[in-house]
1. Using each residue's phi in the stretch 32-41, evaluate 6.51 cos²θ - 1.76 cosθ + 1.60 at θ = phi - 60° and report the 3J(HN,Hα) Karplus result to the nearest Hz, with x for Gly and Pro.
2. So if each residue of separation counts as 0.36 nm, and I subtract the Cα-Cα distance between GLN11 and LEU74, what length gain in nm does that give?
3. Give or take rounding to whole Å, what are the principal axis extents of the alpha carbon atoms in the stretch 67-129, in descending order?
4. Counting pairs of Cα atoms in the chain, how many percent are more than 21 Å apart?
5. Please report, in debye to the nearest 20, how large the charge dipole of the chain is about its Cα centre when each Lys and Arg carries +1 at its beta carbon and each Asp and Glu carries -1 there.
6. Please identify which residues in the stretch 66-87 have an amide N closer than 16 Å to a label point set 7 Å out from the Cα of ILE50, following the Cα→Cβ vector.
7. Note the count of lysine pairs whose C-alpha atoms are less than 30 angstrom apart in the chain, limited to pairs 8 or more residues apart or on different chains.
8. In deg cm²/dmol, rounded to 500, what helix-only [θ] at 222 nm does the chain give when every DSSP H run of at least 4 residues adds -39500 (n - 2.57) and the total is split over its residues?
Amino acid sequence: MGLNQNQKSGQLKDMPHTQPSGTVFFDVENQDIYIYNMANIPVKVGAVIIENVVLSVDDWTLVGDFYEYDYENLLIRETSLLKVIPYKETMDVVKSSDIMPMVVSAEGTVKIYAANQPLSDINVAIEIV
């Protein structure tokens, strides 16, 4: 299925500054979606959800007072707002590990913190806003 007249795609640097309201632009480089608003200006919409991420019990590292886990994904940017959403089947591990609500993102990675060492794998979804 091809694009219609109100759907555009390309790299962000090539995105038109103004388009008719309702036009959709897909940034193929960053996987972002923009919709042109009533003022004909593009607005980034939606979030990307990476499902079925396994935080392996073997990949946590004690740094100072906390355990750290580095998850890598090319969709993560230094400016990304991230939510780590645990699946209910590993919620007991999340609670006993005391996973911290704060994460730190950098280009291509997010650092997740826990007060206690996880005793088994943790299954999560990661939402990138």
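1. 9, 10, 10, 10, 6, 7, 5, 8, 6, 10
2. Contour length minus the Cα-Cα distance gives 21.1 nm.
3. 30, 21, 16
4. 50 percent
5. 660 debye
6. Under 16 Å, as judged by backbone N against the label point of ILE50, lie 69-87 of the stretch 66-87.
7. So the count works out to 11.
8. -1500 deg cm²/dmol
Just so you know, all these numbers are worked out from the coordinates, no wet-lab data involved. As the structure is a prediction and not an experimental result, all values here were calculated from the model. In this analysis, Cβ positions are derived from the backbone assuming ideal geometry, glycine residues included, and neighbour counts consider all displayed protein chains.
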